[in-house]
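Report on the structure given below.
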Amino acid sequence: MRKTHRPLTVVGVILSMFMGAMEATIVATAMPTAVEQLGGIQLYGWVGAVYLLTTTVTIPLYGKLSDLYGRKPIMMQAMVVFLIGSMASGLAQNMVQLVVFRAIQGAGAGGLQPVSLTIVGDIYKPAERARIQGVFGAVWRVAAMSGPLLGGIIVHALSWRWVFFINVPAGLLSAFLIGTFFHEHAERREHSLDVSGALLLAGAIVAVLLGASRFAPALMLATAVLLFAAFVVVERRASEPVLSLALLRRPIMSVSSTAGATMGAVMSSTVIYLPLYVQALMAGTPTQAGASVAPMLVGWPIASTLSGRLLLRSGYRPLVRTGFAALTLSSIALALLLREGASIFLLGSTMFVMGAGMGFANTALMIAVQESATWEERGVATASTIFFRTIGGALAVGGLGGVLAAAMEPHVSSSQLNQLLAPDHGAGLNHDLIAQLSAALGGGLRHVFDIIAAISVAAFGAALLFPPTSMARES
């Protein structure tokens with residue numbers, strides 16, 4: 001059997017992770033320009049939400065497929081779907097097309113991160129994973145948090161369409177490196193793919209997100225409960241479930257999943273809504289709006305690298321608790337600062353602390369989960385952790401979009417909001433109307449960040465329950 005070339009495999013994996021994570025947030029600063037050209041302001045939130053939706057639904061499925069058929073073939077298939085969705089999104093001629101093509105793109109992205117992290121878990125020994133997972137955790141978060149900044153730069157220099165086209169050369173290079181230099185020996189056995197479980201889980205998530213978006217909320221909530229109950233029944237009987245309930249009963253898995261979901265909610269919501277605050281209420285450019293979260297890019301990799309180095313000495317729990325404490329304090333501080341009309345400097349300082357908190361916690365959570373699983377379970381375990389983090393972000397972004405819309409609905413028409421969010425910041429509106437629109441939007445966004453702060457408190461509560469355990473020093 002040919003030996004894996006680890007450095008080049010790692011480069012390919014980093015590229016795939018960066019693309020999948022970046023595309024979740026890059027539309028935050030590109031959408032005002034896209035809406036100006038395509039129209040369809042009523043579908044504004046769905047361009048981001050549908051990507052998270054299809055990503056979330058497919059994450060556990062890809063994790064299971066990688067355990068059944070091997071990492072490389074599943075990674076290649078996910079990459080093809082992602083690149084097709086990327087090209088189609090860049091060519092969209094209206095908002096309906098853009099939403100549909102983003103759904104396809106997300107269906108491919110659902111395989112990029114979990115299979116990438118599983119490959120890393122396969123080619124590195126436990127003691128080495130602390131260092132390399134710190135790097136990969138930093139890559140994922142830096143990609144997600146740099147999305148708005150890169151989106152603003154790309155829109156300014158080229159066009160909003162290039163936030164999608166830019167994936168094609170990077171994706172082709174990633175596929176070449178992984179396909180050529182990563183070699184594995186996957187055990188072949190009888191397979192039983194849990195299609196019924198995947199469909200029920202997908203339906204439950206769709207219902208929750210539709211309800212969170214204020215589409216027949218009572219009916220959607222009832223539907224979600226019924227579908228989720230059916231999902232649990234099916235998973236109990238499935239020989240190879242998509243989302244292993246047995247794994248989730250383990251303390252490390254259950255606590256990590258809960259903590260990851262709340263972390264994902266805080267991170268995704270902040271990255272999506274803070275640039276909107278800067279661009280719409282502080283009259284910032286797309287680049288300035290994206291730069292509002294840039295200090296996260298400094299705090300995250302520094303803390304993630306330190307976390308990887310400290311794991312062998314401290315164990316998981318101190319790093320998890322420290323990270324979530326910083327996340328909670330910075331979220332509360334952000335909510336208070338936005339009420340007082342804070343400066344960009346104070347917002348940036350708060351974002352640095354938030355990024356550092358996530359950097360400390362995420363590396364410890366991921367390695368703890370992988371070390372609690374066997375090789376056969378590792379793909380599902382890794383994907384399950386990412387699934388909960390992503391679903392937390394998807395539900396929070398969708399639900400908070402409903403909160404924002406409810407706060408603005410009595411005061412703002414869709415056409416006026418479209419003008420306010422355009423690059424000229426409502427130049428065609430009179431000053432009194434702009435003041436009214438800004439007050440309504442500002443009030444709604446302050447409610448959004450109050451809720452984000454409350455979610456961060458719940459996240460810290462989950463972190464306090466993390467069980468005491470130490471890291472294995474040898475494979």
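The values are calculated or read from the model by the stated rules, or taken from the named source; none is laboratory data. None of these values were measured; they are calculated from a predicted model. Note that each Cβ is placed from the backbone with ideal geometry, even for glycine, and that neighbours are counted across all protein chains shown. Heads up: the accessible areas ignore ligands, DNA and RNA and are worked out on the full protein's heavy atoms, side chains in. Shrake-Rupley method; radii C 1.70, N 1.55, O 1.52, S 1.80 Å.
Using per-residue counts of other Cβ atoms within 10 Å, averaged over each peptide, order 66-73, 292-299, 355-362, 216-223 from highest down.
355-362, 292-299, 66-73, 216-223
What FRET efficiency comes out for Ala218 versus His5 if R0 is 41 angstrom and r is the Cβ-Cβ distance? Round to the nearest 0.05.
After rounding to 0.05, the efficiency reads 0.15.
State, in angstrom, two size descriptors of segment 54-95 derived from its alpha carbons: Rg to one decimal place and Dmax to the nearest whole number.
Rg and Dmax of segment 54-95, Cα atoms, are 12.8, 39 Å.
Give me the Kirkwood hydrodynamic radius of segment 216-342 in Å, from all C-alpha pairs, to one decimal place?
Computed over segment 216-342, the radius equals 18.3 Å.
Testing the spin-label approximation: label points 7 Å from Cα along Cα→Cβ at Met76 and Val225. State their distance in nm.
Here the answer is 4.7 nm between the modelled labels.
I'm a student and want to see the number: the projected area of the Cα convex hull of segment 219-270, averaged over all directions, in nm².
4.7
Glu128 to Ile344: FRET efficiency via 1/(1 + (r/R0)^6), r the Cβ-Cβ distance, R0 51 Å, to the nearest 0.05?
0.80
So for each of 340-351, 321-332 I average, over its residues, the number of other beta carbons within 10 Å; can you give me the resulting order with the highest mean first?
Ranked by mean Cβ neighbours within 10 Å, highest first: 321-332, 340-351.
In Å and whole numbers, how far do the C-alpha atoms of segment 297-404 stretch along each principal axis, longest first?
Largest to smallest, the principal-axis extents are 51, 35, 19 Å.
Might you tell me the accessible area per residue for segment 263-316, computed with a 1.4 Å probe and given in Å²?
For segment 263-316, the per-residue accessible area is 31 Å².
Taking only the C-alpha atoms, wrap a convex hull around segment 8-88 and report its volume per residue in Å³ as a whole number.
Residue-normalised Cα hull volume stands at 98 Å³.
Taking all pairs of different Cα atoms in segment 50-132, averaging 1/r and flipping that mean, what Kirkwood radius in angstroms comes out?
Result for segment 50-132 stands at 13.4 Å.
What ranking do 253-266, 455-468 get when scored by the average of other Cβ atoms within 10 Å per residue, highest first?
Result, highest mean Cβ count within 10 Å first: 253-266, 455-468.
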